[in-house]
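In what follows, a structure is listed as structure tokens, so that the remarks can point back to it.
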Amino acid sequence: MRLQVMGSFFTDDALTTAHNRYQGMRDAAFAVTEQTWRNKLPMDVDLRLFPIDEKALVFWEHIWVPYCQSVNVRTFPWKAIFSQVRSTPRRFDMAIWDGSFLSGLVVGMASRGKTGPNTNVTIRFLERFQWSGLPMRGHIRGIAIDAAHTYAQILCKQFILLKNPALGAIPLYEKIGFSLVPSIQGCPYYGKRVE
């Protein structure tokens, strides 16, 4: 059987192999990022980085969403976002946990192609749990960017891109080396070269 995934055709075996290969690369990026950030976070934080899975989506639906509604804060529709990318092997999806508490979610995509000046890993959605007592508050963005950077290095991509970042966050991104790049289909992007 042949399946079409994001414009490419794969046999069942090839698709499974591609999913496993890319998940191995994401897992490696998560491990490096966890190790780096353990020294930067408060001692009581139990940082764990995993792919977005059912456990993360249940936490989002039953704890995150009700909390956001109670304080009148909007949240991304994470189930819908993840369902759009879950079948794509080269996706970048990450749940940022502090022990059993979901602190952040990230979804992005690696560009097609092996190497070259236009290859990238793009962070499309990034959100932290809006609770003011969040122990990792102020660190979710950095953890996400570091993991995307490491994933881009593993894949030999040239850039990390941020799609349509929140206006208030742009100065923070510029402080760490991101700059406005030409828009793609009318959407603003900020980029940084992978080193």
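Can you report the number of residues in the range 70-104 which are under 13 Å from the mean Cα position of the chain (by Cα) and among the aliphatic types (A, V, I, L, M)?
Within the range 70-104, residues that are under 13 Å from the mean Cα position of the chain (by Cα) and among the aliphatic types (A, V, I, L, M) number 5.
Kindly provide the set of residues from the range 140-151 that are in contact (Cβ under 8 Å) with a residue 60 or more places away in the chain and either surrounded by fewer than 21 Cβ atoms within 10 Å (Cβ to Cβ) or touching an Asp or Glu at 6+ places or on another chain (Cβ under 8 Å) (or both), ordered by number.
Selection gives 142, 146.
Scan the range 132-173 residue by residue and report those that are within 15 Å of the chain's Cα centre (by Cα) and of a type in the set (Phe, Trp, Tyr).
The answer is 151, 159.
Every residue in the range 157-173 that is free of Cβ contacts under 8 Å to residues at least 12 places away in the same chain and either surrounded by 16 or more Cβ atoms within 10 Å (Cβ to Cβ) or not in a loop (DSSP other than H, G, I, E, B) (or both), please.
Hits for the range 157-173 are 167, 168, 171.
Do we have residue 91 as out of contact with any Ser or Thr (no Cβ under 7 Å at 6 or more places or on another chain), modelled with pLDDT of 95 or more and buried (at least 21 other Cβ atoms within 10 Å of the Cβ) here?
yes
Considering only the range 161-178, how many residues are in contact with a Gly (Cβ under 7 Å, 6 or more places away or on another chain) and not aromatic (Phe, Trp, Tyr)?
The total comes to 1.
Do we find a residue being at pLDDT below 95, surrounded by fewer than 16 Cβ atoms within 10 Å (Cβ to Cβ) and part of a helix (DSSP H, G or I) anywhere in the range 128-135?
Checked against the condition, which is being at pLDDT below 95, surrounded by fewer than 16 Cβ atoms within 10 Å (Cβ to Cβ) and part of a helix (DSSP H, G or I), the range 128-135 yields no hits at all.
Answer yes or no as to whether residue 154 is in contact with a strand residue (DSSP E or B) (Cβ under 9 Å, 6 or more places away or on another chain), within 18 Å of residue 37 (Cβ to Cβ), of a type in the set (Val, Ile, Thr) and touching a residue at least 60 places away in the same chain (Cβ under 8 Å).
It is false that residue 154 is in contact with a strand residue (DSSP E or B) (Cβ under 9 Å, 6 or more places away or on another chain), within 18 Å of residue 37 (Cβ to Cβ), of a type in the set (Val, Ile, Thr) and touching a residue at least 60 places away in the same chain (Cβ under 8 Å).
Just to be sure before I move on: is residue 145 modelled with pLDDT of 95 or more, of a type in the set (A, V, I, L, M), over 19 Å from residue 56 (Cα atoms) and not in a strand (DSSP E or B) in the structure I sent?
So residue 145 fits the description; yes.
Sort out which residues of the range 83-132 are over 20 Å from residue 165 (Cβ atoms) and aromatic (Phe, Trp, Tyr), and write them in order of number.
The answer is 97, 101, 131.
The values are calculated or read from the model by the stated rules, or taken from the named source; none is laboratory data. Model, not experiment: these values are computed from the prediction. Methodologically, a virtual Cβ is constructed for each residue, glycine included, from the backbone with ideal geometry; neighbour enumeration extends over all protein chains shown.
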